[in-house]
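Input: a single structure, listed below in structure tokens.
The values are calculated or read from the model by the stated rules, or taken from the named source; none is laboratory data. All values derive from a computational prediction rather than experimental measurement. A quick note on method: Cβ atoms are made from the backbone with ideal geometry, for glycine too, and the neighbour counts reach across all protein chains shown. For accessibility, only protein heavy atoms count, side chains too; no ligands or nucleic acids. Shrake-Rupley method; radii C 1.70, N 1.55, O 1.52, S 1.80 Å.
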Amino acid sequence: MNVKKKLVNLDAMIQRADFAVIANESHSSQRIDSISVRDFLPESPLLPNLRKPDFQRETNHWTPNQVASLIQCFVEGELIPSVILWFSTAYVFVIDGGHRLSALRAWVEDDYGDGPVSLPFFGRQITVAQRDIAEETRQLVKKTVGSWQHRQAMNKQPDLAPEDRVRISGAMTRVIPVQSVIGNADKAENSFFRINTQGTPLDDIEELLIKNRLKPIPIAARSIIRAGMGHKYWSRFPSETQEIIERMAHDLYLILFDPELDKPIKTLDLPLGGVSGVRVALELLIGFILVANRNQQGRPVEVKDQPDDTTGNETIQVLKKSLALAQRMTGNDHGSLGLHPAVYFYGPSGRHSTPMFMGVATLIARKLVNNDAEFFKIFTNYRKSFEQILIEHKSLFASVILQTRSNKRHEKIADLLDYMINKISEGQIPTEQEIVDKAGVAGKVIVGEGEKTSHKFSEETKSESFLKSALRTALRCPICGGYLNPSKSVSYDHIVPVRAGGEGSPENCQLTHPYCNQSIKQ
């Protein structure tokens, strides 16, 4: 089983800037040969001008051990590879070495993703997971080399032994060597891509975002990932446009990633999009936004199929369509189906299932773009039976997904769900074999429990037990019989309508899905 790495978010340590809005030629007179920790002090002339290119990956790929190890190597005078800079007429850009320099500034600031630099950068919206990892890193650094502040305080003691003073103050004079890229912005960008095909290369999502960074879908995804906070990849647009983008991004973030998922699961108030870890969440968002923006011909097929957005208007349109799809899935909008995440988007052990999330999103997006209002009525009429099958066969669906090829996986799951709803509407309950056959994985699926070797309850076992118990007593919509998600999507319905003399009393109020109240009952 793959264990998710704890990664330290140091993205606030060095600001970003866009190559496109600065002078294109390098400025040779600014070149430096090395960088020391003095360059990260408030009075440093370099720090205000130090930037990462806008296409640089987010600085969150190091574990606490890697951050502490880099600081320890620096303090103890061990070899650290050169960083590569490009000097423009306005800024000093870090082409390679962003993690190294960010770790050193984090040490000086005592900020590993939760401190005085990071807090305003992320709009004070820092997840519990990010805070926990930051504190773990802080304690590890204190244990291995001590905090910067502690070392500085010791160095000021008048009775400190000379050998201790030399040892403690040595970090002030140590440096990381610098290499320079000579040429214009195009040369610097080409150098970045060449460098990042070696060592720790860009992954598929990073490369996709970087190469298409001016297109509306990547801009929209990056705006949503931190609720419009962090670096503003949309800063080239007019201020009014920026505000619209940030407002819609914030709304989408709350719909998809709020509340923050905790393990083991102890509540049915679960985020539709699962854990909002940046890498996983960005991949989900790109897929979701693509699905939400496809027309009846299925275009755009890929992110690159859209033109660059020079005004911000295309990004706004992309966000509007994405918000419309999200609000059909959940929320209090009149058309909201109020899909319960524990039923649709979480597997038997409480792990979020991106394929199921994307399969459901794909199915609903298809029906919306084709103006298939009849589907939503059929779905609502047979929703109770459909959801019961999803719950009873969670292990089967998890196995089907595992055996389905990733290529077109979302479309195949959408087809399977559509098939099941149609079968149920015809009075037939799909069997396990029919589900397997329709998914095209006959002979590959084996459903069963693995042998338990530990006497302790794992997080997944605890989550599974909670979900089973909680769903047995969860609220249901009295109109369709489907599960209600009252924390995110509920409508207060008059049992006896107002037009028939119904009063606004507790006895005459029932909780329903918004769609059931506004579209089915009406």
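If you check Ser322 against the conditions, is it at negative phi, in contact with a helix residue (DSSP H, G or I) (Cβ under 9 Å, 6 or more places away or on another chain), part of a helix (DSSP H, G or I) and among the hydroxyl-bearing types (Ser, Thr, Tyr)? Outline the logic, then answer.
Numbers: at negative phi: yes; in contact with a helix residue (DSSP H, G or I) (Cβ under 9 Å, 6 or more places away or on another chain): yes; part of a helix (DSSP H, G or I): yes; among the hydroxyl-bearing types (Ser, Thr, Tyr): yes.
Considered against the rule, which asks whether it is at negative phi, in contact with a helix residue (DSSP H, G or I) (Cβ under 9 Å, 6 or more places away or on another chain), part of a helix (DSSP H, G or I) and among the hydroxyl-bearing types (Ser, Thr, Tyr), Ser322 comes out as yes.
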- request: Scan region 297-309 for residues that are exposed (fewer than 14 other Cβ atoms within 10 Å of the Cβ) and not acidic (Asp, Glu) and jot them down.
  value: Gln297, Gly298, Arg299, Val301, Lys304, Pro307
statement: Apart from one, (1) modelled with pLDDT of 95 or more; (2) open to solvent by 40 Å² or more (accessible area, probe 1.4 Å) all hold for Val175; the odd one out is (1)
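With respect to Arg138, determine if the residue is over 19 Å from Ile35 (Cα atoms), of a type in the set (Lys, Arg), part of a helix (DSSP H, G or I) and at pLDDT 90 or above.
Details: over 19 Å from Ile35 (Cα atoms): yes; of a type in the set (Lys, Arg): yes; part of a helix (DSSP H, G or I): yes; at pLDDT 90 or above: yes.
So Arg138 fits the description; yes.
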field: Filtered residues of region 465-520 (kept if over 32 Å from the mean Cα position of the chain (by Cα), of a type outside the set (Val, Ile, Thr) and assigned to a loop (DSSP other than H, G, I, E, B))
entry: Pro478, Cys480, Gly481, Pro497, Gly501, Gly502, Glu503, Gly504, Ser505
- prompt: Quick one: in region 234-254, which of the residues that are surrounded by 21 or more Cβ atoms within 10 Å (Cβ to Cβ) and in contact with a Leu (Cβ under 9 Å, 6 or more places away or on another chain) is farthest from Asp308 (Cα to Cα)?
  reply: Leu252
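Taking the options Gly443, Gly427, Gly448, name whichever one is at pLDDT 90 or above and more than 18 Å from His352 (Cα to Cα).
Numbers: Gly443 fails: at pLDDT 90 or above; Gly448 fails: at pLDDT 90 or above.
Only one candidate qualifies: Gly427.
Are any of the residues in region 272-292 free of Cβ contacts under 8 Å to residues at least 12 places away in the same chain and closer than 30 Å to Ala342 by Cα? Before you say what the answer is, go through the steps one by one.
Our first condition is that a residue be free of Cβ contacts under 8 Å to residues at least 12 places away in the same chain; within region 272-292, this holds for none.
No; the residues of region 272-292 include none that is free of Cβ contacts under 8 Å to residues at least 12 places away in the same chain and closer than 30 Å to Ala342 by Cα.
Kindly indicate whether Leu467 is touching a residue at least 60 places away in the same chain (Cβ under 8 Å) and crowded, with 19+ Cβ neighbours inside 10 Å. Please lay out each step first, then the result.
Values: touching a residue at least 60 places away in the same chain (Cβ under 8 Å): yes; crowded, with 19+ Cβ neighbours inside 10 Å: yes.
Yes; evaluated as a whole, the condition is true for this residue.
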- request: Mind listing whichever residues of region 392-419 are surrounded by 17 or more Cβ atoms within 10 Å (Cβ to Cβ) and more than 21 Å from Val291 (Cα to Cα)?
  value: His393, Lys394, Leu396, Phe397, Ala398, Ser399, Val400
- request: Report, by residue number, each residue of region 231-265 that is outside any helix (DSSP H, G or I) and acidic (Asp, Glu).
  value: Asp258, Glu260, Asp262
- request: Considering each residue of region 211-230, count those that are assigned to a loop (DSSP other than H, G, I, E, B), open to solvent by 10 Å² or more (accessible area, probe 1.4 Å), farther than 17 Å from Thr310 by Cβ and out of contact with any Asp or Glu (no Cβ under 7 Å at 6 or more places or on another chain), and give that number.
  value: 2
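Residue by residue, here is whether (1) assigned to a helix (DSSP H, G or I); (2) touching a residue at least 40 places away in the same chain (Cβ under 8 Å) holds:
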{"site": "Lys367", "(1), (2)": "yes, no"}
{"site": "Asn371", "(1), (2)": "no, no"}
{"site": "Glu374", "(1), (2)": "yes, no"}
{"site": "Leu390", "(1), (2)": "yes, yes"}
{"site": "Ser395", "(1), (2)": "yes, yes"}
{"site": "Asn407", "(1), (2)": "no, no"}
{"site": "Leu417", "(1), (2)": "yes, yes"}
{"site": "Gln428", "(1), (2)": "no, no"}
{"site": "Gly443", "(1), (2)": "no, no"}
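Within region 114-129, how many residues are more than 17 Å from Gln149 (Cα to Cα) and either assigned to a loop (DSSP other than H, G, I, E, B) or of a type in the set (A, V, I, L, M) (or both)?
If we filter region 114-129 for residues that are more than 17 Å from Gln149 (Cα to Cα), which is where we start, we get 118-129.
Narrowing further to those that are either assigned to a loop (DSSP other than H, G, I, E, B) or of a type in the set (A, V, I, L, M) (or both): 119, 122-129.
Within region 114-129, residues that are more than 17 Å from Gln149 (Cα to Cα) and either assigned to a loop (DSSP other than H, G, I, E, B) or of a type in the set (A, V, I, L, M) (or both) number 9.
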field: Test result for Ala188, part of a loop (DSSP other than H, G, I, E, B), at pLDDT 75 or above and of a type in the set (A, V, I, L, M, F, W, C)
entry: no
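Report yes if some residue within region 337-352 is assigned to a helix (DSSP H, G or I), modelled with pLDDT under 95 and either within 18 Å of Trp234 (Cβ to Cβ) or open to solvent by 40 Å² or more (accessible area, probe 1.4 Å) (or both); otherwise report no. Let's see the steps before the verdict.
First pass over region 337-352, keeping only residues assigned to a helix (DSSP H, G or I): 341-344.
Still in the list and also modelled with pLDDT under 95: none.
No, there is no match, as no residue in region 337-352 is assigned to a helix (DSSP H, G or I), modelled with pLDDT under 95 and either within 18 Å of Trp234 (Cβ to Cβ) or open to solvent by 40 Å² or more (accessible area, probe 1.4 Å) (or both).
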- line: Restricted to region 255-269 and to residues being within 19 Å of Ile225 (Cβ to Cβ) and modelled with pLDDT of 90 or more, the residue most open to solvent (accessible area, probe 1.4 Å) is Asp258
- request: Might you let me know whether region 101-116 holds any residue that is over 30 Å from Leu254 (Cα atoms), open to solvent by 20 Å² or more (accessible area, probe 1.4 Å) and out of contact with any Lys or Arg (no Cβ under 9 Å at 6 or more places or on another chain)?
  value: yes
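Yes/no per residue for (1) open to solvent by 20 Å² or more (accessible area, probe 1.4 Å); (2) part of a helix (DSSP H, G or I); (3) at pLDDT 95 or above; (4) of a type outside the set (S, T, N, Q):
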site	(1), (2), (3), (4)
Val280	yes, yes, no, yes
Ile289	no, yes, yes, yes
Asn295	yes, no, yes, no
Thr311	yes, no, yes, no
Glu314	yes, yes, yes, yes
Gln327	yes, yes, yes, no
Asp333	yes, no, no, yes
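Looking at region 353-388, which of its residues are closer than 28 Å to Lys468 by Cβ and open to solvent by 30 Å² or more (accessible area, probe 1.4 Å)? Before you say what the answer is, go through the steps one by one.
Restricting attention to region 353-388, the residues satisfying the condition of being closer than 28 Å to Lys468 by Cβ are 353-364, 379-388.
Those that are closer than 28 Å to Lys468 by Cβ and open to solvent by 30 Å² or more (accessible area, probe 1.4 Å): Thr354, Asn381, Tyr382, Lys384, Ser385, Gln388.
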- line: When (1) crowded, with 17+ Cβ neighbours inside 10 Å; (2) over 20 Å from the mean Cα position of the chain (by Cα); (3) at pLDDT below 80 are applied to Arg165, the one that fails is (1)
- prompt: So is Pro158 touching a Lys or Arg at 6+ places or on another chain (Cβ under 8 Å), modelled with pLDDT under 95 and part of a loop (DSSP other than H, G, I, E, B) or not?
  reply: no
